Structures are given as structure tokens and as C-alpha cells.
Amino acid sequence: MAVVAFPHSKDAASFGAENPFILIARVQVKPGKVEEYLEIAGRTDKGVQDSELGMLHHTFDADPDDDHAFTWSEVYANDAALRAHLANPVVGKYLEDHADVCEAFSVEVYGTLG
């Protein structure tokens, strides 16, 4: 199935660059590693909130039915905010640190990126 975008601006190449979007990251933590993961998540949460001005919304939620499942929900103002998030050393350190404590990790992005 092909996806077709109908730009609302004259500059189709930048369509979406200034639109907000949602990022959802789902994490499944290994048994016996939840406390270690929560330390990593807490450090990352504080670091991201302090350093990413383009983030409009940021939550970290525990699954009430699974003690090992967590979800990050984030809303970014625009493409520049996404680039800042991906290049943030705090996020890089999180990805490094969580590799040993997580058994599954997925990221979904909803919106139109330029």
C-alpha cells in the first residue's frame, strides 16, 4: 500500500517539518532487572526533561498488569525537536545502559516528518 501526502504548503519538500508528532517506546525488562532499569529510566527522564525544549509532553508509565513492562510517551514540537532527541547524549547513554536489562524494546512514531 502506498502512502500519499497532500502538502498544505507550497514547499512540499518541507511539509511536516513544523508539525508535532508522537513517539511511543515500549520496554520489556528482564526478570530481576526492574530496579536497575528504573534507576536508568529515572536518570534519563530527568536528563531529557532538562535538556529538550522541543518536547511538549513526556511521560513514563508502568503497565498495571505486567511488572516488567513500561511505556515512554513523548510529543515533539517539530522535526528539529526529534533531531535534538536522537542526538541527545542522555538518550544515547540510556540506549547503552538499558541494553543489559531489557529483553524487548520497540519505538513507534506517529505524525508527518518533513
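The values are calculated or read from the model by the stated rules, or taken from the named source; none is laboratory data. Since the structure is predicted, the reported quantities are computational estimates derived from the model, not experimental observations. A quick note on method: Cβ atoms are made from the backbone with ideal geometry, for glycine too, and the neighbour counts reach across all protein chains shown. The accessibility values were calculated without ligands, DNA or RNA, using every heavy atom of the protein model including side chains. Shrake-Rupley method; radii C 1.70, N 1.55, O 1.52, S 1.80 Å.
Considering the range 29-54, and only residues there that are in contact (Cβ under 8 Å) with a residue 60 or more places away in the chain and in contact with a strand residue (DSSP E or B) (Cβ under 7 Å, 6 or more places away or on another chain), the residue that is most open to solvent (accessible area, probe 1.4 Å) turns out to be LYS30. Among the residues of the range 44-69, those that are within 15 Å of GLY92 (Cα to Cα) and touching a helix residue (DSSP H, G or I) at 6+ places or on another chain (Cβ under 8 Å) comprise THR44, GLY47, VAL48, SER51, GLU52. Condition check for HIS57 on (1) within 21 Å of ASN19 (Cβ to Cβ); (2) open to solvent by less than 30 Å² (accessible area, probe 1.4 Å): one failure, at (2). Sort out which residues of the range 1-20 are open to solvent by less than 70 Å² (accessible area, probe 1.4 Å) and either at pLDDT 85 or above or in a loop (DSSP other than H, G, I, E, B) (or both), and write them in order of number. Within the range 1-20, ALA5, PRO7, SER9, PHE15, GLY16, ALA17, ASN19 meet the criteria.
Any residue at all in the range 36-44 that's of a type in the set (A, V, I, L, M, F, W, C), at pLDDT 85 or above and outside any helix (DSSP H, G or I)? Taking every residue of the range 36-44 in turn, none turns out to be of a type in the set (A, V, I, L, M, F, W, C), at pLDDT 85 or above and outside any helix (DSSP H, G or I).
Here GLY32 fulfils each of the conditions (1) in a helix (DSSP H, G or I); (2) among the small types (Gly, Ala, Ser); (3) modelled with pLDDT of 90 or more apart from (1).
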